[in-house]
1. Which members of segment 60-77 meet the condition of being without any contact (Cβ under 8 Å) to a residue 40 or more places away in the chain and either farther than 18 Å from Leu45 by Cβ or in a strand (DSSP E or B) (or both)?
2. If Val62 passes every condition in (1) modelled with pLDDT of 90 or more; (2) open to solvent by less than 20 Å² (accessible area, probe 1.4 Å); (3) over 14 Å from the mean Cα position of the chain (by Cα) but one, which one does it miss?
3. Residues of segment 65-79 being among the polar types (S, T, N, Q) and open to solvent by 50 Å² or more (accessible area, probe 1.4 Å), which ones?
4. Consider Asp105 carefully, then state whether it is modelled with pLDDT of 95 or more and open to solvent by 40 Å² or more (accessible area, probe 1.4 Å).
5. If the Cβ limit is 9 Å and pairs must be 6+ apart or interchain, which residue in segment 36-58 that is at negative phi and touching a residue at least 40 places away in the same chain (Cβ under 8 Å) pairs with which residue that is loosely packed, with under 15 Cβ neighbours inside 10 Å and part of a strand (DSSP E or B)?
6. Please tell me if Gly52 is assigned to a loop (DSSP other than H, G, I, E, B) and either at pLDDT 90 or above or within 11 Å of the chain's Cα centre (by Cα) (or both).
7. For segment 21-44, what are the residues that are more than 12 Å from the chain's Cα centre (by Cα) and either farther than 21 Å from Asn87 by Cα or buried (at least 16 other Cβ atoms within 10 Å of the Cβ) (or both)?
Amino acid sequence: MSVEVVHFIADDNEGGYWEVLRQQLLDSPTMFLGCRVQQYFTGMLYNGTIVGYNARYQWWNVVYDDDDEEDNNIYEIIAMLKRYRKNGGETVDLTNDEIVDLTLDD
């Protein structure tokens, strides 16, 4: 279910869908458990999965495909969901001077 919600929002070409996603993360944070994300580390984007949520600190726990893990705040999670969608879920080598837009849409 959570993956369908993310794809529905990401397919919306009108401005503001990332704000809708942010609100959904705030309203139902565990709904996104199991969603795939990407994070940038040392010249590479790594795929991971949202596996947990800490309500006290409002952090989502991500486990990467290489078994590394980290906690992320809402803005990091939105950027990671966006990055995964933008890159089609593929690992991208960024060592050849590619520019990565890590900003969030308003």
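1. Result: Trp60, Asn61, Val62, Val63, Tyr64, Glu69, Glu70, Asp71, Asn72, Asn73.
2. Looking at each condition in turn, Val62 falls short on (3).
3. Within segment 65-79, just Asn73 meets the criteria.
4. When the stated conditions are applied, Asp105 does not pass them.
5. From residues that are at negative phi and touching a residue at least 40 places away in the same chain (Cβ under 8 Å), the pairs are Gln39/Glu70; Met44/Asp93; Leu45/Asp93.
6. no
7. Result: Gln23, Gln24, Leu26, Asp27, Ser28, Pro29, Thr30, Met31.
The values are calculated or read from the model by the stated rules, or taken from the named source; none is laboratory data. Being a predicted model, the structure only gives us computed values, none of them experimental. Neighbour counts run over all protein chains shown; Cβ positions are idealised from the backbone, glycine included. We work out accessible area using only protein heavy atoms, side chains counted, and drop any ligands, DNA or RNA first. Shrake-Rupley method; radii C 1.70, N 1.55, O 1.52, S 1.80 Å.
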